[in-house]
Amino acid sequence: PDCCHELLGHVPLFADPNFAELAQEVGLASLGASDEDIEKLATIFWFTAEFGLCREDGSIRAYGAGLLSSFGELEYALTEVPTRLEFEPSKTVEQKYPITEYQPVYFVADSFRDATAKLREFNATMKRPFQVRYNPYTQSVDVLNSKDKVQHFARSISNEMQLLASALEHV
């Protein structure tokens, strides 16, 4: 069953760059986070990557792997029986959840991009001893904990902005 959950639930979603960015945001936020904040991020992960619902073309669609790998819960989640709340990370983290029965509450995002934006706002409220970013060139996580690292990151952003400005001139 776990193999089905991973292969049918999680793997296809990581092919969607917007979902992958949402999942990555949870992971990056966990680095240097307190135990309390890790619990909050785990709850967010539960209600997004595992049991998330999303609006698409005027209907509610399931995207959480826990839903996609369980026909019974998928069917249940899309009925009027469970409570559906808007995905707001500061409220989502307060929701308790059962792990051995269908969820009584699901959170609905307007889109993966919207969920990621809300998650970034929430993550900015977390107290961490440093900031991190994913570096696509080295495919690693940069810890921004020194003046040199922050300056290097700023130069990188400046170079990307110049490239963006040039591309916009040609569009």
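The values are calculated or read from the model by the stated rules, or taken from the named source; none is laboratory data. As the structure is a computational prediction, the values presented were derived from the model and not from experiment. Don't worry about glycine lacking a Cβ; one is built from the backbone with ideal geometry, like all the others, and counts go over all protein chains shown. Note: accessible area is taken over every heavy atom of the protein model, side chains too, but ligands, DNA and RNA are not part of it. Shrake-Rupley method; radii C 1.70, N 1.55, O 1.52, S 1.80 Å.
A quick yes/no check of all residues on (1) touching a strand residue (DSSP E or B) at 6+ places or on another chain (Cβ under 6 Å); (2) at pLDDT 95 or above; (3) open to solvent by 40 Å² or more (accessible area, probe 1.4 Å):
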residue	(1), (2), (3)
Glu75	no, yes, yes
Lys96	no, yes, yes
Thr100	no, no, yes
Phe112	no, no, no
Asp148	no, yes, yes
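Scanning segment 17-41 for residues that are open to solvent by less than 50 Å² (accessible area, probe 1.4 Å) and either under 12 Å from the mean Cα position of the chain (by Cα) or under 22 Å from Asn135 (Cα atoms) (or both) yields a count of 14.
Would a scan of segment 8-19 turn up a residue that is in a loop (DSSP other than H, G, I, E, B) and among the aliphatic types (A, V, I, L, M)? Let's see the steps before the verdict.
Going through segment 8-19, the residues in a loop (DSSP other than H, G, I, E, B) turn out to be 15-16.
So of that shortlist, the ones also among the aliphatic types (A, V, I, L, M) come out as 15.
Yes - at least one qualifying residue is present in segment 8-19.
Condition check for Val81 on (1) touching a strand residue (DSSP E or B) at 6+ places or on another chain (Cβ under 8 Å); (2) of a type in the set (A, V, I, L, M, F, W, C); (3) surrounded by fewer than 15 Cβ atoms within 10 Å (Cβ to Cβ); (4) farther than 20 Å from Leu41 by Cα: one failure, at (1).
Screening the candidates Ala23, Ala49, Ala62, Ala29 for the property of being in contact (Cβ under 8 Å) with a residue 40 or more places away in the chain, hydrophobic (A, V, I, L, M, F, W, C), within 25 Å of Glu94 (Cα to Cα) and in contact with a helix residue (DSSP H, G or I) (Cβ under 8 Å, 6 or more places away or on another chain) yields one hit, Ala29. Out of Phe45, Phe19, one residue alone is under 18 Å from Tyr106 (Cα atoms) and modelled with pLDDT of 95 or more. It is Phe45.
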